[in-house]
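The values are calculated or read from the model by the stated rules, or taken from the named source; none is laboratory data. Please read all numbers here as calculations on a predicted model, not as lab measurements. Note: areas computed on protein heavy atoms with side chains; ligands, DNA, RNA excluded. Shrake-Rupley method; radii C 1.70, N 1.55, O 1.52, S 1.80 Å.
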Amino acid sequence: MDIQNNGYMSIAQLTDQYLGKAQKMPVRETKDGLTFQDVLQRKAQPGDCSLKFSKHAMGRLSDRNIELSDNQLERLASGTRKAEQKGIRDSLVIVDSLAFIVNVPNQTVVTAMDSTQTDENIFTNINGAVIM
């Protein structure tokens, strides 16, 4: 309803146009049929843990011929989640005979070694340990 015939809209008209008639955007889905909300919720779940390996850690794994099985990777991720729940920032996570230093807030493995490389069994710059 145009109150005045001068070509300007009233405040009531602007309110209706911009606030009253909110248009809903169509929901778009990914190739997998997931919406943005689905993807966001999956990423935000506290149990979700996708570990990254630093360049240094990748080099150590390669130099020391350490290959992780899927089971070991899952146990490493589980140990990291447990460390996170306890408020540990830099954790030693031991899986079988392998030792990993993990920066928990960044979900990043900083270094890796097996039992033969732990000369004196001394680990520094950690504030917690998880044995899996």
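Within segment 98-132, if we keep just the residues that are part of a loop (DSSP other than H, G, I, E, B), among the aliphatic types (A, V, I, L, M) and open to solvent by less than 70 Å² (accessible area, probe 1.4 Å), the residue that is nearest to Gly87 (Cα to Cα) turns out to be Val104. Output the number of residues of segment 81-97 satisfying the condition of being outside any loop (DSSP other than H, G, I, E, B), of a type outside the set (Gly, Ala, Ser) and open to solvent by less than 60 Å² (accessible area, probe 1.4 Å). Result for segment 81-97: 6.
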